[in-house]
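Beneath this line is the structure, given in structure tokens, with notes to follow.
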Amino acid sequence: MTGTDTGVGKTRVGVALLGALRARGAAVAVRKPAESGCERVAGELRAADAEALCRAAGSDEPIDTICPLRLAEPLAPAIAARRAGASLDIEAFVMATRARARAVDVMLVEGAGGLLVPLVDHVSCGELAARLGSELLIVVGARLGAINHALLTEAVAFSAGLQVLGFVVNHVKPGEDAARASLTASLREFARAPVLAEIGYGADGLRELAGLAARLA
Ligand SMILES: Nc1ncnc2c1ncn2[C@@H]1O[C@H](COP(=O)(O)OP(=O)(O)OP(=O)(O)O)[C@@H](O)[C@H]1O
Ligand SMILES: [Mg+2]
């Protein structure tokens, strides 16, 4: 799962998709390879996104497996990691994640921010997706400017040879304006990948993502 930006609803959509998959009886697993902006609680860095995905998946895997790189500073993970003197063995992570993915119906991996965000060293979220052999789900935060961000994300994905499952348009703010009201129709006109679902503000997304869940498992 990637998105047009940070804060566009990747985790929320991920949690909903996991719920829809589990309602079908699918076996799921989750990864959030690097999470920055983690809060320190009793000396431990707590990764809120990873923990939310873990709960939604009903996973009993340790947090170090699900989210091996937990970082305090709210920066792109590679930058926060460098400043903290932390790192991630990306090859080991890819091998272990691929092995786990073979044992479940759906492995859901949330990136950080958008597709070109440096995740660790010089590996971007998109490069990690390529190494994992992942198909991309692009969460589009519905706001003015989203068409550009969505099409840029799709263009980068295609130029990197990534498979794009499609877009999920997510309304992260209440109310409606012309840009948000026309976003799904505009993506259907200008993008190559399909719009798989549109989730309204305040909706839990379970019903909207049922069709996608049925396609995945
Ligand atoms: N459809 C929605 N309705 C209401 N609130 C939403 C909706 N989608 C997302 N939000 C809220 O917006 C905020 C950002 O969402 P979320 O954390 O899922 O984004 P993200 O893309 O995963 O962010 P990050 O880049 O930090 O991982 C959260 O508080 C979330 O609950
Ligand atoms: Mg998130």
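The values are calculated or read from the model by the stated rules, or taken from the named source; none is laboratory data. Everything quoted here is computed from the prediction, not taken from an experiment. Please note: Cβ atoms are built from the backbone with ideal geometry, for glycine as well, and neighbour counts cover all protein chains shown. Ligands, DNA and RNA are excluded from the accessible area calculation, which covers all protein heavy atoms including side chains. Shrake-Rupley method; radii C 1.70, N 1.55, O 1.52, S 1.80 Å.
Of note:
- Matching entry among ALA56, ALA52 (being within 12 Å of ligand 1 (Cβ to nearest atom), within 25 Å of ARG215 (Cα to Cα), in contact (Cβ under 8 Å) with a residue 40 or more places away in the chain and out of contact with any Leu (no Cβ under 8 Å at 6 or more places or on another chain)): ALA52
- Taken over region 21-37, residues that are open to solvent by less than 10 Å² (accessible area, probe 1.4 Å) and more than 29 Å from PRO118 (Cα to Cα) amount to 1.
- The strands (runs of 3 or more DSSP E) falling completely within region 118-216 that include 3 or more residues that are away from ligand 1 (no atom under 13 Å from the Cβ) map to 163-170.
- Of all the numbered requirements in (1) farther than 23 Å from ILE199 by Cβ; (2) open to solvent by less than 20 Å² (accessible area, probe 1.4 Å); (3) away from ligand 2 (no atom under 16 Å from the Cβ), THR184 misses one, and that requirement is (1).
- Region 1-20 - residue that is in contact with a Ser or Thr (Cβ under 9 Å, 6 or more places away or on another chain) and either of a type in the set (Asp, Glu) or open to solvent by 10 Å² or more (accessible area, probe 1.4 Å) (or both) and, of those, nearest to ligand 2 (Cβ to nearest atom): LYS10
- Just one residue in the set ALA130, ALA101, ALA178, ALA160 is surrounded by fewer than 20 Cβ atoms within 10 Å (Cβ to Cβ), free of Cβ contacts under 8 Å to residues at least 24 places away in the same chain and under 27 Å from ALA197 (Cα atoms); that residue is ALA178.
- Where a residue in region 1-30 is over 20 Å from GLY200 (Cβ atoms) and its partner, wherever it lies, is within 10 Å of ligand 2 (Cβ to nearest atom), with Cβ under 6 Å and at least six apart: THR2/GLY111; THR6/GLY113; VAL30/LEU53
- Check on GLU91, among the charged types (D, E, K, R), in contact (Cβ under 8 Å) with a residue 60 or more places away in the chain and either open to solvent by 70 Å² or more (accessible area, probe 1.4 Å) or in contact with a Lys or Arg (Cβ under 8 Å, 6 or more places away or on another chain) (or both): no
- Restricting attention to region 38-49 and to residues that are more than 9 Å from ligand 2 (Cβ to nearest atom) and not small (Gly, Ala, Ser), the residue that is most open to solvent (accessible area, probe 1.4 Å) turns out to be ARG40.
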